[in-house]
Amino acid sequence: MMKSVSNNVETPPLDQTEPRALISLADHYRTAADHLYEARVGKGLASMAPIRLCALHAIELYLSAYVVASGFPAKPLRACGHDLALRATYAKGAGLNLRARTFDHLAELTESREYLLSRYAPSLISSTSQINRLLATLKEVSQNVTEHIGCGSTS
């Protein structure tokens, strides 16, 4: 059962959201990334930025859902911002099983600040991961998290 979410500015949204609701939202961002990928025009950095941003945000939500579902408090998650490497470390500590290469990719995404550059300055992205690799990472994270929590889509 999902908690009632209010606009209480004193209680951060992550503290008010159930893991299944995070999975549902992540599924929507993943679907958006897939649709944007299919509808993309060109291969320029700016045209790929919305795909990257949706995929990165979906990964962040899936990892958050896993960590929260494992009983980890939301406060440290909020403190790590968009650091996918740290979220993945928390998730791994809680038992999330991903390939070592996927954990490495999540660290690379954080180190290259891909989330911020995709969001604000895609023209400054010099060494982003291949879009296919990003979508493969998203798929693996999605499948492993939803299998653990038992909800969402895994296609």
Return yes when L14 is at pLDDT below 90, surrounded by 13 or more Cβ atoms within 10 Å (Cβ to Cβ), in contact with a helix residue (DSSP H, G or I) (Cβ under 7 Å, 6 or more places away or on another chain) and under 18 Å from A121 (Cα atoms) and no when it is not.
no
Among the aliphatic types (A, V, I, L, M), farther than 18 Å from A33 by Cα, open to solvent by less than 80 Å² (accessible area, probe 1.4 Å) and under 15 Å from the mean Cα position of the chain (by Cα): which single residue out of A136, A94, A100, A88 fits that description?
A88
What's the total number of residues in the stretch 55-81 that are surrounded by fewer than 17 Cβ atoms within 10 Å (Cβ to Cβ) and not hydrophobic (A, V, I, L, M, F, W, C)?
7
If the Cβ limit is 6 Å and pairs must be 6+ apart or interchain, which residue in the stretch 108-126 that is at pLDDT below 90 pairs with which residue that is outside any loop (DSSP other than H, G, I, E, B) and of a type in the set (K, R)?
S118/R52
Take H28 and decide whether it is open to solvent by 70 Å² or more (accessible area, probe 1.4 Å) and at pLDDT 95 or above.
yes
Could you give me the residue pairs with C-beta distances under 7 Å whose first residue belongs to the stretch 56-74 and is part of a helix (DSSP H, G or I), whose second residue is among the hydroxyl-bearing types (S, T, Y) and open to solvent by less than 30 Å² (accessible area, probe 1.4 Å) wherever it lies, and which are 6+ apart or on separate chains?
L56/Y115; L56/S118; I59/T137; Y62/S142
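The values are calculated or read from the model by the stated rules, or taken from the named source; none is laboratory data. Computed from a prediction, not measured in an experiment: that's the story for all the values here. Ideal geometry is used to build each Cβ from the backbone, glycine not excepted, and the neighbour counts take in all protein chains shown. All accessible areas refer to the heavy atoms of the entire protein, side chains included, with ligands and DNA or RNA removed. Shrake-Rupley method; radii C 1.70, N 1.55, O 1.52, S 1.80 Å.
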